[in-house]
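The structure that follows is given in the form of structure tokens.
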Amino acid sequence: TAVQLIGIVQPHFSFVNCSNRSHTIHDMGKMQRVKGAVGEREVLALLSERLGVKLERNLSQTRNGGADCIQLGRVSLEVKRQERLNITAWWEQAVKQAGPNIPVLAFRQSRKPWTFVVDSNDVQLLSSRGHLLNMDVDTFCAIVSAFGWSSPLGG
């Protein structure tokens, strides 16, 4: 099945040997920002193609602390393209930024498919919040269409 019910996710920690680093900390920060921007464009292209709507990056997100994409109706999308998973912290960030909208987290590691996370209450599977669902991009797009999430809030 494409949807997986998950409970509370424990953060994953790993240690990296930094003794042979060829990049400075500043370079690594820049590389992470570039990787994040590429990831955002990749997700938006996937969703645009499958949903038939044009989606663009929220370029003011860093300055205003908003979601990665604001053009998807009631969905507030947070995109993470990182090797070390920290789903709990990312989900908290997505929920905080969503406001009255539906928080959605999209993440992927290298050479792995995108995973989308939504609260089960938002897809009316369970009546209480806190149960997160992991799904692939096609399942997520089917839910967006079925629940009318691409319509503006109140629309």
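All of the numbers you see were taken from the coordinates with simple rules; none came from a lab. Quick caveat: nothing in here was measured; it's all calculated off a predicted structure. When we count neighbours, we look across all protein chains shown, and the Cβ atoms used for this are built from the backbone with ideal geometry, even at glycine.
Using a Förster radius of 22 Å, what is the FRET efficiency between residue 83 and residue 136 based on their Cβ-Cβ separation? Nearest 0.05, please.
The computed FRET efficiency comes out at 0.65.
I've got another one for you. Which of 99, 113, 85 sits farthest toward the positive end of the charge dipole of region 75-115, with +1 on the Cβ of Lys and Arg and -1 on the Cβ of Asp and Glu?
Selected residue: 113.
Can you spot the lysines whose alpha carbon is less than 23 Å from residue 54's alpha carbon? Ignore those fewer than 8 places along the same chain.
By straight Cα distance, residue 54 reaches 35, 80.
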